[in-house]
Amino acid sequence: MTKYLHNKYLVFIFFLLVISIILGLVFLKTNLTSQPQIMSPWRLCDLDHNGNCDNKDQQIFDKTYGKCREDTGYSFNADIDGDGCIVSADKNSFTISLEEK
């Protein structure tokens, strides 16, 4: 009798496991497909985050060029590569982004 109950519990546990996996896959697929794709509202050259790459952004970059994190006037937004200093690599990335339409 105990062997029968043991097998019955194993079948029940297996059934619960299969149902859990199916529900998990359905939930995962629903979550992945229902999320809208959100793109960044600004480009790298938009240093003031107003939606435009313009002379104001160029002025911000020019004022901060050559400065490092410890320097007065350093702009985190102009440090495009995030290395702590606004140097030629940042200028190249800024210029490329500025030229993109």
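Here are the numbers for the structure shown:
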item: Residue match in the stretch 14-35 (condition: among the basic types (Lys, Arg), at pLDDT below 95 and either exposed (fewer than 10 other Cβ atoms within 10 Å of the Cβ) or in contact with a Leu (Cβ under 8 Å, 6 or more places away or on another chain) (or both)); result: no
item: Qualifying positions in the stretch 69-101 - hydroxyl-bearing (Ser, Thr, Tyr) and part of a helix (DSSP H, G or I); result: Ser88, Ser93, Thr95, Ser97
item: Unmet criterion (only one of (1) of a type outside the set (Lys, Arg); (2) modelled with pLDDT of 95 or more; (3) part of a helix (DSSP H, G or I)) for Gly66; result: (3)
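The values are calculated or read from the model by the stated rules, or taken from the named source; none is laboratory data. Quick caveat: nothing in here was measured; it's all calculated off a predicted structure. When we count neighbours, we look across all protein chains shown, and the Cβ atoms used for this are built from the backbone with ideal geometry, even at glycine.
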